[in-house]
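The values are calculated or read from the model by the stated rules, or taken from the named source; none is laboratory data. The structure presented is a predicted model; accordingly, all values stated were derived computationally and were not measured. Cβ placement follows ideal geometry from the backbone for every residue including glycine, while neighbour counts extend to all protein chains displayed. To get the accessible areas, we keep the full protein, side chains included, count just its heavy atoms, and leave off ligands, DNA and RNA. Shrake-Rupley method; radii C 1.70, N 1.55, O 1.52, S 1.80 Å.
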Protein chains: 2
Amino acid sequence: MNNLFEEKTIRTEEIFKGKVIQVQVDDVELPDGKMGKREIVKHPGAVAIIPITNEGKIVMVEQYRKPLNRSIVEIPAGKLEPGEEPETTARRELEEETGYVCKKITPLISFYTSPGFANELLHVFLAEGLKKKENAKAADEDEFVRLEELSLEEAASYLKEQRIMDVKTAYAVQYLQLKEARK
Amino acid sequence: MNNLFEEKTIRTEEIFKGKVIQVQVDDVELPDGKMGKREIVKHPGAVAIIPITNEGKIVMVEQYRKPLNRSIVEIPAGKLEPGEEPETTARRELEEETGYVCKKITPLISFYTSPGFANELLHVFLAEGLKKKENAKAADEDEFVRLEELSLEEAASYLKEQRIMDVKTAYAVQYLQLKEARK
């Protein structure tokens, strides 16, 4: 743990305890001794999956995102259940959102998505050796998604035209472009 | 606006109105007519800057992030003020966080950072032609940052070793790697 410029917590006010997020306001002592307030969202963490079909296509999902009041195109993703290993979540979400199971799953990177106000840590996996499951589990009760299988060229143009407007998906497209460039 | 699988808002409960974020819980009608709840964080939006020095180094800042209870290495970033143009925010944050002003600033991409629970839209800029300002504005009252100027190779190894654990910074490093690969 790196504690450069540590902000000491003087008091924590619990604001909201939801089913997904918790919100709190911390009174902190800054490095210069002054006081400040930090509005903080606690999140259980999540996974995202870059699923590559045997034909080399990337599987994406279009889904409605209430915070944006619109639907957007993203790689499959989902929240961690308490105590769940990220790889387990990744396999489950891949199957639930796309109907695919995979032979090989590789952890690529973990990063914070909005460190200024939230502690969400996102774990990204590459999923290969995809196979449609015959009796794929039903999608999550409140999950409605439309599948899209894109070539890397198509995904890159989606990104350029801002039809992809999601940071993890932008990361995924770049990751695959770099892999291709290094071949 | 794409409204595939739209979720109609039946009722909005305001939970918290902070200085940075607002939190609400929406009762929504799902596409199948069932009801659901959505916990939503409203955020003013933000910018991030990829500053490249005349020697080809990337300027990053290490800062304490209270939501994580640790400090992390990131490209400079900051929240939009109400009604502010993202480019204005980008120039201001670059100067405040790094002491650099830039000759050329180019918008690269805009993306949502956590569309599952927040509406934060992040605008990314490339800043070139950097010059240290003689009388650089004082850093934000509660901003304490340590500058780091990294070669692309160094930044790439930071990413690989997970010393960079921030999604916008991961995007920035890959952006520069792709640019380099295409030269």
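Note on A:117-124: average number of Cβ atoms from other chains within 10 Å of each residue's Cβ is 6.
So, by mean Cβ neighbours within 10 angstrom, what's the order for A:3-12, B:50-59 with the highest one leading?
Numbers: A:3-12: 14.0, B:50-59: 17.3.
Result, highest mean first: B:50-59, A:3-12.
Backbone geometry of segment B:63-73 corresponds, through the Karplus equation with coefficients 6.51, -1.76 and 1.60 at θ = phi - 60°, to 3J(HN,Hα) couplings of 8, 7, 10, 4, x, 9, 6, 7, 9, 9, 9 Hz, x marking Gly and Pro. Divide the volume of the convex hull around the Cα atoms of chain B by the residue count and you get 161 Å³ per residue. Peptide B:60-66 has a mean shielding of 6, counted as Cβ atoms of other protein chains within 10 Å of each residue's Cβ. Per-residue Karplus couplings for segment B:44-55, computed as 6.51 cos²θ - 1.76 cosθ + 1.60 with θ equal to phi - 60°, are listed in order as x, x, 8, 10, 9, 10, 9, x, 10, 6, 5, 8 Hz, Gly and Pro entered as x. Listed by chain and number, the aspartates and glutamates whose alpha-carbon sits under 18 Å from that of residue A:132, ignoring those within fewer than 8 places in the same chain, are A:55, A:93, A:95, A:96, A:97, A:140, A:148, A:149. Each Lys and Arg adds +1 at its Cβ and each Asp and Glu adds -1 at its Cβ; summed about the Cα centre, the protein assembly as shown shows a dipole of about 640 debye. Taken over the Cα atoms of the protein assembly as shown, the convex hull encloses 142 Å³ per residue. Pairing chain A with chain B buries about 6500 Å² of accessible area. This figure sums both sides and uses a 1.4 Å probe.
For chain A, the residue among A:86, A:40, A:119 whose Cα projects farthest onto the positive side of the dipole built from Cβ charges is A:86. As a fraction of the 1.4 Å probe accessible area of chain A, surface on carbon and sulfur atoms comes out at 47 percent. Each part gets one Cα centre, and for segment A:1-40 versus segment A:69-124 those centres are 26 Å apart.
Using the Cα centre as the reference, give the magnitude of the dipole from point charges on the C-beta atoms of segment B:82-183 (Lys, Arg: +1; Asp, Glu: -1; all else neutral), rounded to the nearest 20 debye.
Details: 15 positive and 21 negative charges, 123 e Å.
The calculation lands at about 600 debye.
For a quick protection proxy, order the peptides B:16-22, B:167-173, A:122-128, A:14-20 by their average other-Cβ count within 10 Å, most packed first.
Working: B:16-22: 15.1, B:167-173: 26.3, A:122-128: 21.9, A:14-20: 13.0.
Listed from highest to lowest mean packing, they are B:167-173, A:122-128, B:16-22, A:14-20.
Label-to-label distances for residue B:107 across copies, nearest first, come out at 3.8 nm, using points 7 Å from Cα in the beta-carbon direction.
Taking a straight line from the alpha carbon of residue A:8, these aspartates and glutamates sit under 14 Å away, with near neighbours fewer than eight places off in the same chain left out: A:26, A:27, A:29, A:32, B:142.
How shielded is B:160-170 by partner chains, expressed as the average number of their Cβ atoms within 10 Å of its Cβ atoms? Numbers along the way, then the final one.
On the way: counts 1, 0, 3, 1, 2, 6, 6, 15, 8, 3, 11.
Across B:160-170, the average partner-chain Cβ count within 10 Å equals 5.
Think of chain A as having a plus end and a minus end, set by charges on the Cβ of Lys, Arg, Asp and Glu; of A:56, A:100, A:3, A:56 sits farthest toward the positive end of this dipole. Sorted from nearest, the other copies put their residue B:178 label points 1.1 nm away, the label point being 7 Å from Cα in the direction of Cβ. Placing +1 on each Lys and Arg Cβ and -1 on each Asp and Glu Cβ, with no other charges, gives chain A a dipole about its Cα centre of roughly 320 debye.
Compute and list, largest first, the equivalent-ellipsoid semi-axes of segment B:86-139 from the alpha carbon gyration tensor, each √(5λ) rounded to a whole angstrom.
Values: eigenvalues 131, 35, 8 Å².
In descending order the semi-axes read 26, 13, 6 Å.
In order along segment B:24-30, the Karplus-derived 3J(HN,Hα) couplings, from 6.51 cos²θ - 1.76 cosθ + 1.60 at θ = phi - 60°, round to 9, 10, 9, 8, 10, 9, 7 Hz, and Gly and Pro are given as x.
For the set A:42/A:104; B:160/B:183; A:34/B:160; A:57/B:34; A:34/B:133, the pairs lying more than 25 angstrom apart at their alpha carbons are A:42/A:104; A:34/B:160; A:57/B:34; A:34/B:133.
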